[in-house]
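Take a look at the structure set out below.
The values are calculated or read from the model by the stated rules, or taken from the named source; none is laboratory data. For clarity, every value in this text was computed on a predicted model and none was experimentally measured. Neighbour counts run over all protein chains shown; Cβ positions are idealised from the backbone, glycine included.
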Amino acid sequence: MPHYKYLIVGGGMTGDAAVQGIRDVDPEGAIGLVGAEPHRPYDRPPLSKALWKGKPVDSVWRKTDHRGVELHLGRRIRHLDVALRRATDDAGTSYTWERLLLATGGSPRRLPFGGDDIVYFRTLDDYTRLRGLADRGQRFAVLGGGFIGSEIAAALAMNHKDVVMLFPGRGVGAHLFPDDLSQFLNAFYRERGVDVRPGEAAAGLERGPDGQATVVSRGGGRFAVDGVVAGIGIAPNTELAQAAALSVENGIVVNERLQTTHPAVYAAGDVAAFPNPALGKRIRVEHEDNANTMGRAAGRAMAGAGQAYDHLPLFYSDLFELGYEAVGDLDSRLEMVADWKDPFREGVVYYLEGGRVRGVLLWNTWGQVDAARRLIAEPGPFRSQDLAGRLPERT
Ligand SMILES: Cc1cc2nc3c(=O)[nH]c(=O)nc-3n(C[C@H](O)[C@H](O)[C@H](O)COP(=O)(O)OP(=O)(O)OC[C@H]3O[C@@H](n4cnc5c(N)ncnc54)[C@H](O)[C@@H]3O)c2cc1C
């Protein structure tokens with residue numbers, strides 16, 4: 001039975017960052033990492049961006065295997081016994097540990113139709129499968145108008161594919177952005193050849209006798225396609241934690257040192273719900289900066305050098321030639337104050353609640369993330385008229 005001082009469950013970006021965090025503090029302690037995917041850890045963001053712009057697939061690999069860690073890949077931990085400090089995988093191998101990290105991330109939400117004909121875009125294998133479909137076929141349906149849907153639709157269109165984008169909301173990124181910006185994005189995507197269908201959710205996928213796939217929308221629209229890809233959100237992989245009676249509330253609950261309700265078990269990344277002092281509440285963040293920073297912080301904490309994790313993660317996305325960085329709550333149900341230097345091309349959107357700035361969208365506005373974090377930390381109260389011109393900060 002392998003025994004590790006540190007056992008990491010999950011071979012994503014968080015798992016890799018945790019290895020780095022442990023090695024920052026403890027160069028020797030034995031580390032085991034069990035990952036369900038057959039691949040060693042890699043970066044996910046390029047799967048929907050850089051790899052479609054000509055970057056080689058080999059650019060995604062992280063250097064986990066250079067850091068003195070035993071990788072058990074293609075193995076899924078099925079059972080956790082926290083009292084005995086033992087984890088057992090789907091091949092029946094048990095691992096014992098002194099400190100454990102749950103970095104199990106999230107799994108794509110699935111639609112009630114279509115089965116495996118729909119690519120739920122999350123992993124390197126999903127990228128490889130979609131790339132294969134794009135090499136052979138021309139017409140694609142993208143289901144979802146959020147982060148993944150908007151990036152994949154742009155990636156396919158930039159590769160000269162015919163793309164129809166179906167989603168129930170009013171516009172691209174409607175849950176994040178002010179309505180006028182979201183409407184602008186509908187038009188912007190259409191100008192770049194994407195057939196954007198707001199308010200038109202997919203309701204079924206049919207296969208004709210010749211194998212032809214047709215997506216059927218709720219309004220009765222029919223779209224013959226060579227491939228269907230969906231990005232409709234993820235659900236955190238909390239089953240192991242739940243079965244081990246650790247506290248779970250929309251994610252595995254951790255304290256500021258990233259410990260779960262069992263002090264030898266930590267959680268980080270997409271799966272973890274952590275207290276954030278700037279926002280004054282517990283949050284769960286599904287973004288790269290959080291995976292990297294929180295994973296590293298968890299590794300350091302496991303090795304005995306933990307500090308309170310008080311980082312407010314940034315996130316970013318690319319939409320054709322537009323791009324943004326953001327921090328805090330980007331929720332279009334909040335009061336939003338837009339301050340455009342060039343409408344919908346360059347500017348800042350502030351998200352306000354109870355007189356405080358809860359989130360900042362830096363639209364084609366760079367180098368302002370720390371200034372946005374400082375603004376969110378300020379107690380206010382702010383009125384909308386106080387915010388124009390606050391960012392970018394002049395240096
Ligand atoms: C296509 C794509 C593009 C993205 N682009 C951006 C971006 O532009 N900007 C940004 O900020 N963020 C982006 N993100 C989000 C970012 O990549 C995620 O926040 C990050 O990957 C989360 O890492 P994680 O390790 O916590 O979880 P995951 O990436 O979900 O990794 C968890 C790993 O654990 C494994 N696992 C789960 N359960 C078990 C188990 N029981 N036993 C063993 N292994 C298990 C899973 O198979 C998986 O490999 C993107 C995500 C995707 C999918």
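Taking the criterion of being loosely packed, with under 15 Cβ neighbours inside 10 Å and over 18 Å from residue 267 (Cα atoms), the residues of the stretch 75-93 that qualify are 84, 90, 91, 92, 93.
Scanning the stretch 17-26 for residues that are away from the ligand (no atom under 14 Å from the Cβ) and either in a helix (DSSP H, G or I) or hydrophobic (A, V, I, L, M, F, W, C) (or both) gives 22, 23, 24, 25. Which is within 13 Å of the ligand (Cβ to nearest atom) and surrounded by fewer than 16 Cβ atoms within 10 Å (Cβ to Cβ), of 39, 66? Result of the check over 39, 66: 39. Of the strands (runs of 3 or more DSSP E) lying entirely inside the stretch 141-247, not one contains at least 3 residues that are among the polar types (S, T, N, Q). Checked against (1) over 18 Å from the mean Cα position of the chain (by Cα); (2) away from the ligand (no atom under 13 Å from the Cβ), residue 131 passes all but condition (2). When each of 75, 122 is tested for being assigned by TED's automatic domain parsing to the domain that holds residue 145 and either in a loop (DSSP other than H, G, I, E, B) or within 28 Å of residue 306 (Cβ to Cβ) (or both), the lone residue that passes is 122. Select from the stretch 313-335 the residues that are within 20 Å of residue 186 (Cα to Cα) and surrounded by fewer than 20 Cβ atoms within 10 Å (Cβ to Cβ) and list them in ascending order. Correct list: 316, 318, 319, 320, 321, 322, 323, 331, 332, 333.
Give me the residue from the stretch 257-310 that is over 22 Å from residue 47 (Cα atoms), assigned to a helix (DSSP H, G or I) and within 19 Å of the chain's Cα centre (by Cα) and, out of that set, nearest to the ligand (Cβ to nearest atom). Per the stated criteria, the residue is 298.
Taken as a whole, the condition of being part of a loop (DSSP other than H, G, I, E, B), touching a strand residue (DSSP E or B) at 6+ places or on another chain (Cβ under 7 Å), within 30 Å of residue 196 (Cβ to Cβ) and within 16 Å of the ligand (Cβ to nearest atom) applies to residue 330. Among the residues of the stretch 1-16, those identified as more than 8 Å from the ligand (Cβ to nearest atom) and buried (at least 24 other Cβ atoms within 10 Å of the Cβ) are 6, 7, 8.
Under the condition of being within 11 Å of the ligand (Cβ to nearest atom) and of a type outside the set (Val, Ile, Thr), the residues counted in the stretch 238-256 number 5. Taken together, 174, 230, 187 contain a single residue that is more than 16 Å from the ligand (Cβ to nearest atom) and in contact (Cβ under 8 Å) with a residue 24 or more places away in the chain, which is 174. If you scan the stretch 53-63, which residues turn out to be over 15 Å from residue 38 (Cα atoms) and surrounded by 13 or more Cβ atoms within 10 Å (Cβ to Cβ)? Answer for the stretch 53-63, where residues must be over 15 Å from residue 38 (Cα atoms) and surrounded by 13 or more Cβ atoms within 10 Å (Cβ to Cβ): just 57.
Comparison of 248, 254 shows that the only residue that is free of Cβ contacts under 8 Å to residues at least 40 places away in the same chain, more than 17 Å from the chain's Cα centre (by Cα) and surrounded by 22 or more Cβ atoms within 10 Å (Cβ to Cβ) is 254.
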